[in-house]
Amino acid sequence: MPDFVDADLSGASFERTDLRGAQLHGVDMSGARLRAVDLTGVVMRGVDLVDVDIFGEVQNLVINGVDVAPLIQAELDRRHPDLVKMRPETPAGFAEAWNILESSWDDTVQRARQLRPWQLHESVDGEWSFTETLRHLAFATDSWVRRVILGDPSPWDPLDLPWDEMPDMPGVIPRDRDARPSLDTVLELRRDRMNSVRSVIGDLTDALLDSETKPADGPGWPPPGSTFTVRKCLLVILNEEWWHRQFAERDLAALAERAGQG
């Protein structure tokens, strides 16, 4: 493997690069941007973390001897009281969580309609546009509800949008990043997929929540043969819906300010 000693790699770009076990010593990473990076098991010593913005799945993060993950979760729950309801235990809890999400998304869509149509295809800081966000949520519902829970081996719509790092699966899962459908077109797909979730949640029982799904059939995502509890699948959906709405609200505010509408 190559060694970089006293090398100037400022401005370099690493994509789909395997750096497992890499040793970084005396490295200046100020201003670096890391997206979709797996830092599991990373050990940092003598690190300066100043003005750092981190967003992601945080578990067992020990800083100066303190596991900060529970502190972060507690603060998020304090800021967003409804976030606690996105971790339901009972069928009634899942129904309440879905009602909250549907109502919240109605408000977000109304906010999006205040922008110009072309703005809804505009990225903020490299993130998905508003319409791409809705398309990704359709993909999530198709994958975790229609494929895994309901057993449809190929539920994906041509407008579905997988996450960027998922390997391409031509002829199986669509990924049209150039599509620019109207908001109403995407919302029609979105309403249909949300109705699928509502139907599943409406039929929940305690026994069904903890039952195992049949193995996923045929190529796609989740991989063929995968099994999960219905609870796990629905928790994935609640998490996706909650956080992508937070991202959408953040970016809609930025778009409105950018256009002088804020």
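Where a number appears in this text, it was derived from the coordinates with a stated rule and is not lab data. Small disclaimer: the values here were computed from a predicted structure and weren't measured. Cβ atoms come from the backbone with ideal geometry, glycine included; neighbour counts cover every protein chain shown.
Looking at 87, 16, which is the one that is surrounded by 10 or more Cβ atoms within 10 Å (Cβ to Cβ), out of contact with any Cys (no Cβ under 7 Å at 6 or more places or on another chain) and basic (Lys, Arg)? Reasoning before the result, please.
Working: 16 fails: surrounded by 10 or more Cβ atoms within 10 Å (Cβ to Cβ).
Being surrounded by 10 or more Cβ atoms within 10 Å (Cβ to Cβ), out of contact with any Cys (no Cβ under 7 Å at 6 or more places or on another chain) and basic (Lys, Arg) holds for just one of 87, 16, which is 87.
For (1) farther than 29 Å from residue 253 by Cα; (2) out of contact with any Phe, Trp or Tyr (no Cβ under 9 Å at 6 or more places or on another chain); (3) β-branched (Val, Ile, Thr), each residue gets a yes or a no:
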residue	(1), (2), (3)
53	no, yes, no
66	yes, yes, yes
72	no, yes, yes
80	no, no, no
117	no, yes, no
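Counting just the residues of the stretch 207-235 that are among the charged types (D, E, K, R) and touching a residue at least 12 places away in the same chain (Cβ under 8 Å), which one comes out nearest to residue 167 (Cα to Cα)?
Among residues in the stretch 207-235 that are among the charged types (D, E, K, R) and touching a residue at least 12 places away in the same chain (Cβ under 8 Å), the one nearest to residue 167 (Cα to Cα) is 217.
Go through (1) under 26 Å from residue 36 (Cβ atoms); (2) more than 19 Å from the chain's Cα centre (by Cα); (3) not acidic (Asp, Glu) for residue 167 and report which single condition fails.
(2)
Out of curiosity, is residue 101 in contact with a Leu (Cβ under 6 Å, 6 or more places away or on another chain), surrounded by 14 or more Cβ atoms within 10 Å (Cβ to Cβ) and assigned to a helix (DSSP H, G or I)? Steps first, answer last, please.
Working: in contact with a Leu (Cβ under 6 Å, 6 or more places away or on another chain): no; surrounded by 14 or more Cβ atoms within 10 Å (Cβ to Cβ): yes; assigned to a helix (DSSP H, G or I): yes.
Taking the combined requirement at face value, the residue does not satisfy it.
Any residue in the stretch 237-251 that is in a loop (DSSP other than H, G, I, E, B) and either free of Cβ contacts under 8 Å to residues at least 12 places away in the same chain or of a type outside the set (D, E, K, R) (or both)?
Checked against the condition, which is being in a loop (DSSP other than H, G, I, E, B) and either free of Cβ contacts under 8 Å to residues at least 12 places away in the same chain or of a type outside the set (D, E, K, R) (or both), the stretch 237-251 yields no hits at all.
Where residues in the stretch 74-97 are over 28 Å from residue 211 (Cβ atoms) and assigned to a helix (DSSP H, G or I), which of them is nearest to the chain's Cα centre (by Cα)? Quick ask: steps written out before the conclusion?
Taking the stretch 74-97 as the starting set, the residues that turn out to be over 28 Å from residue 211 (Cβ atoms) are 74-81.
Subsequent filtering for residues that are assigned to a helix (DSSP H, G or I) retains 74-79, 81.
Working: 74: 20, 75: 20, 76: 17, 77: 18, 78: 21, 79: 20, 81: 20 Å.
Residue satisfying both the conditions and the ranking: 76.
So residue 238 ticks every box in (1) in contact with a Lys or Arg (Cβ under 9 Å, 6 or more places away or on another chain); (2) within 13 Å of residue 143 (Cα to Cα) but one. Which box is left unticked?
It fails just one condition, (2).
One line per residue, one yes/no per condition, for (1) hydroxyl-bearing (Ser, Thr, Tyr); (2) surrounded by 13 or more Cβ atoms within 10 Å (Cβ to Cβ):
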{"site": "75", "(1), (2)": "no, no"}
{"site": "94", "(1), (2)": "no, yes"}
{"site": "97", "(1), (2)": "no, yes"}
{"site": "105", "(1), (2)": "no, yes"}
{"site": "108", "(1), (2)": "yes, yes"}
{"site": "116", "(1), (2)": "no, no"}
{"site": "121", "(1), (2)": "no, yes"}
{"site": "124", "(1), (2)": "no, yes"}
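Could you tell me whether any residue of the stretch 192-206 is in contact with a helix residue (DSSP H, G or I) (Cβ under 6 Å, 6 or more places away or on another chain), surrounded by 13 or more Cβ atoms within 10 Å (Cβ to Cβ), farther than 26 Å from residue 246 by Cα and of a type outside the set (Val, Ile, Thr)?
Within the stretch 192-206, one or more residues are in contact with a helix residue (DSSP H, G or I) (Cβ under 6 Å, 6 or more places away or on another chain), surrounded by 13 or more Cβ atoms within 10 Å (Cβ to Cβ), farther than 26 Å from residue 246 by Cα and of a type outside the set (Val, Ile, Thr).
Mind checking which residues of the stretch 173-206 are in contact with a Phe, Trp or Tyr (Cβ under 7 Å, 6 or more places away or on another chain) and free of Cβ contacts under 8 Å to residues at least 24 places away in the same chain? Steps first, answer last, please.
Residues of the stretch 173-206 that are in contact with a Phe, Trp or Tyr (Cβ under 7 Å, 6 or more places away or on another chain), as a first pass: 173-174, 197-198, 201, 204.
Of everything in the stretch 173-206, just one residue is in contact with a Phe, Trp or Tyr (Cβ under 7 Å, 6 or more places away or on another chain) and free of Cβ contacts under 8 Å to residues at least 24 places away in the same chain, namely 174.
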